[in-house]
Amino acid sequence: MKRNGMRKRIALMAALLLGVAACASAGTTSTTSEPAQEFPVTVEADNGSVTIDEPPGAIISLSSTATEMLFAIGAGSQVVAVDDQSNYPAEAPMTDLSGITANLEAILSYEPDLVVIQFDPGDLIAGLGTVGIPVLVYGAAQSVNDVYRQMDALGAATGNVAGAQEANADVMSGLDDAVTATGDLGENVTYYHEIDSLLYTATSSTFIGEMYGLFGMENIADSADEDGSFFGYPQLSSEFVVSENPNVIFLGNVLYGESTETVSQRSGWDVMTAVQNGDIAELDSDVASRWGPRIVDFAESIADALEDYATD
């Protein structure tokens, strides 16, 4: 694949999959402030400063991560529709709306007073702007601090400041607990995180990679993108993965058919220690690709895999 084509593919993958990043320690602090429920309120989003005149009572989320955040902060009752990928929590009002090929007319039929999206698939922001509906864009987080920042902003935008602060505190506590429980089990442990069967992965500079970094683990993919040409999402060769012989393999693509069994059957992979010892962790694909409150579940999955590895 030529580099320009690869960059476009990787940029899209980064936007859709995201990547989770942690701070230097699991005890990163949130940038929350004292609760401010007054309206109008202006919040910062990826599309700039957005002013919301009144507490929204009809929110549409076209981002599966934003949906999880909205329900986590206590704004679930204000959500009237979510996109076709927002499958969590169970009570989220899933529809056939798409966040990738958004239909303005279909969105307007729900009479929203706030729309939250991951990226603008075309002229959606402009179209909603013509009828005075505010739009908040929150793309893939680059760090755990981005998770806190986005939940704080959604809390302010929806009148749930205290709920956002509580949700952030729960995430911080959960990450601390997961890391503390493993002690130094992750030190000097190498790993490979698989995004898809084409062997795209994430380096330590991404949200995903930095989550593993919380545990002191070493990413075999870092040397494949030292200059950042692949935006932290290089495509590895099978030979490279085998030669690096990671201690633990994490599969973020179980939803798409990959498993311990399929990895074990790959040509040449049977010589790897992780395959021989069964140190292949099958991750919940949604949890591994979203940067909302369930990153605690992601961290706990890493901790479980480390504990299994330590007992081999």
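Laid out as a table, the results:
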| read-out | value |
| --- | --- |
| Sole residue being modelled with pLDDT of 95 or more, in contact with a Pro (Cβ under 6 Å, 6 or more places away or on another chain) and of a type outside the set (F, W, Y), chosen from A303, A310, A224 | A224 |
| Helices (runs of 4 or more DSSP H) within the range 237-312 that include 3 or more residues over 27 Å from M172 (Cα atoms) and more than 15 Å from the chain's Cα centre (by Cα) | 238-244, 260-264, 273-277 |
| Subset tally (residues that are free of Cβ contacts under 8 Å to residues at least 12 places away in the same chain and either small (G, A, S) or under 24 Å from F231 (Cβ atoms) (or both)) for the range 121-174 | 4 |
| Some residue of the range 92-115 being in a helix (DSSP H, G or I), closer than 30 Å to S259 by Cβ and not hydroxyl-bearing (S, T, Y) | no |
| Selection within the range 218-232 - under 15 Å from F250 (Cα atoms) and assigned to a loop (DSSP other than H, G, I, E, B) | I220, A221 |
| Of all residues making up the range 265-304, the number that are within 29 Å of Q150 (Cα to Cα) and of a type outside the set (A, V, I, L, M) | 15 |
| Residue list for the range 256-304, filter: out of contact with any Leu (no Cβ under 9 Å at 6 or more places or on another chain), surrounded by 14 or more Cβ atoms within 10 Å (Cβ to Cβ) and hydrophobic (A, V, I, L, M, F, W, C) | W269, M272, A274, V275, V287 |
| Number of the condition not met by G228 [criteria: (1) under 21 Å from S64 (Cα atoms); (2) free of Cβ contacts under 8 Å to residues at least 24 places away in the same chain] | (1) |
| Count of the range 51-73 residues which are in a strand (DSSP E or B) and out of contact with any Ser or Thr (no Cβ under 6 Å at 6 or more places or on another chain) | 4 |
| Residues (in contact (Cβ under 8 Å) with a residue 60 or more places away in the chain and part of a loop (DSSP other than H, G, I, E, B)) located in the range 74-91 | G74, A75, N87, Y88 |
| Matching helices (runs of 4 or more DSSP H) fully within the range 126-217 where at least 2 residues are not assigned by TED's automatic domain parsing to the domain that holds G292 | 144-158, 161-182 |
| Subset tally (residues that are of a type in the set (S, T, Y) and either surrounded by 19 or more Cβ atoms within 10 Å (Cβ to Cβ) or in contact with a Leu (Cβ under 9 Å, 6 or more places away or on another chain) (or both)) for the range 206-229 | 2 |
| Members of the range 266-312 found to be of a type in the set (S, T, Y) and within 30 Å of S64 (Cα to Cα), listed by number | S285, S289, S301 |
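The values are calculated or read from the model by the stated rules, or taken from the named source; none is laboratory data. Please read all numbers here as calculations on a predicted model, not as lab measurements. Cβ coordinates were reconstructed from backbone atoms using ideal geometry, including for glycine residues, and neighbour counts include every protein chain displayed.
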